[in-house]
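Shown next, in structure tokens, is the structure this report addresses.
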Amino acid sequence: MATKKKFNLADNEVQSWSPHTHVTGEVFCLAHLDAELVTYQDSKQASIIYKFYITYSHHCFTKDELSSADDSNIALQYASPKDRRAFHIGRYKLSKNLPQIIRTLPEQFIYHGGYDNYCSATFTDGQGDEIVYQIVFSVFRSQKKLRLHVESAYLLENGLGKIKKVKFEKIAWALLKNRKLPKPAN
């Protein structure tokens with residue numbers, strides 16, 4: 001469950017995640033998904049700085065709605081302010097990579113994810129293997145602040161399909177200048 005707020009943000013996204021105690025008794029720390037302020041410098045104009053307040057959804061470490069069998073076992077559940085979902089150890093382990101991926105978004109392959117979302121989808125693990133990890137995020141302005149909310153993150157098993165790249169700096173610039181965000185070409 002969520003605790004205190006780190007930043008004065010208008011939305012109700014969780015800013016500090018409480019640890020999860022699993023049915024095995026193991027405690028999973030979620031502090032790596034606490035809200036943070038990330039500063040990006042424009043690669044072409046060093047004087048341009050983008051300050052984003054980053055938050056993460058519980059969909060980064062949970063999976064699916066609970067089944068009736070899971071309802072009786074509280075240790076399998078993670079209750080967020082929005083709903084209760086099944087804690088997923090695989091997603092949790094992958095989520096440990098999220099802060100570093102988000103901090104390096106200008107260097108990542110980003111594409112339109114449908115609706116008003118963007119995605120980043122690959123990283124190299126500690127063994128040098130490329131992991132196809134779909135990270136779905138939205139960007140918006142709130143209280144004159146640039147916001148990035150990671151809505152979900154999961155292993156992508158069937159590849160990416162046909163997608164078009166969009167530069168993070170193009171997204172950030174449009175948001176900073178209060179212009180329309182880049183959309184995929186039809």
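If you roll a 1.4 Å probe over the heavy atoms of the protein chains, what accessible area per residue do you get for the chain, in Å²? Numbers along the way, then the final one.
Values: 10380 Å² over 186 residues.
Result: 56 Å² of accessible area for each residue.
What does the charge count around LYS165 come to, taking other residues whose C-beta lies under 14 Å from its C-beta (Lys +1, Arg +1, Asp -1, Glu -1)?
With Lys, Arg at +1 and Asp, Glu at -1, the net is +3.
Report the relative contact order of the chain, percent, no decimals, based on alpha-carbon pairs under 8 angstrom and at least 6 residues apart.
18
Hey, which lysines would be in cross-link range of LYS145, C-alpha to C-alpha under 24 Å, not counting anything within fewer than 8 residues on its own chain?
Counting by Cα, and skipping residues close in sequence, LYS145 has these lysines nearby: LYS4, LYS5, LYS6, LYS44, LYS51, LYS82, LYS167, LYS170, LYS177, LYS180, LYS183.
Work out, step by step, the length gained on full extension between THR24 and LYS164: first 0.36 nm times the residue separation, then minus their alpha carbon distance; give nm to one decimal.
Working: separation 140, 0.36 × 140 = 50.40 nm, distance 4.27 nm.
Additional length available on full extension: 46.1 nm.
The values are calculated or read from the model by the stated rules, or taken from the named source; none is laboratory data. Fair warning: this is a prediction, and the values are worked out from it, not measured in the lab. Methodologically, a virtual Cβ is constructed for each residue, glycine included, from the backbone with ideal geometry; neighbour enumeration extends over all protein chains shown. Side chains are part of the model used for accessible areas, which takes the heavy atoms of the whole protein and leaves out ligands, DNA and RNA. Shrake-Rupley method; radii C 1.70, N 1.55, O 1.52, S 1.80 Å.
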